[in-house]
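What follows is calculated from the coordinates using simple rules that are stated; it is not laboratory data. The shown structure was predicted, so the numbers you read here are calculated from the model rather than taken from an experiment. Cβ coordinates were reconstructed from backbone atoms using ideal geometry, including for glycine residues, and neighbour counts include every protein chain displayed.
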Amino acid sequence: MSITLRTSLLLGSLLLTACAARPPAPAPEPPAPDQLAFTGVLHCPDCDGLRVLLLLDRDTYQYRTREERLGDTEAAPRLNTGLWQLVHGTDENPDAVVYQLDYDRPASTRNFLRLDDDHIKLLDENGREFWSPYNLILERTRS
């Protein structure tokens, strides 16, 4: 077999291999239908920000959070779990919907106001909105 023919066959097989259909990379798993998932970066006084993932299970009323300190390469992500409940109404707005984390542990309770279907906002320790120059909003993820 001539060198030209061998080279042509080799190049042809390389092209066929390169152009062959490859399975697509697996997509990230979407939240389960019974879960709400929110993400965002909240203010951190001693780091570059706190990247938060909040999962609310609507069947068991348990939550999970993953909090990652940005710019702090030595800090491991902090994982939390606990109970949550839906609270209707606040002192300022009787129609408000609030996701209340750790309602069973008053010293640790955190409240998030539902702004719309896709956004929640961190409230103060008394469950009230407050002004901040920093981001207080987490955005819902669906995919």
For the pair ARG128 and THR39, how long in nm is the line joining their label points, each one 7 Å along Cα→Cβ? 3.4 nm
Residue-count net charge about VAL41 - beta-carbon cut-off 12 Å; Lys, Arg +1, Asp, Glu -1: -2
Mind sorting ASP102, ASP116, ASP34 by how few other Cβ atoms lie within 10 Å of their own Cβ, fewest first? ASP116, ASP34, ASP102
Return the distance in nm (one decimal) between the two label points of a simple spin-label model at ARG105 and ILE137, each offset 7 Å from Cα along Cα→Cβ. 2.9 nm
Can you give me the convex hull volume of the Cα atoms of the range 36-104, divided per residue and expressed in Å³? 113 Å³
Step through the residues of the range 91-98 one at a time and calculate ³J(HN,Hα) from phi using the Karplus curve (6.51 cos²θ - 1.76 cosθ + 1.60, θ = phi - 60°), rounding each to whole Hz and writing x for Gly and Pro. 4, 8, 8, x, 9, 5, 10, 10
Taking Cα pairs under 8 Å and at least six residues apart, what relative contact order does the range 35-140 come out at, in percent? 21 percent
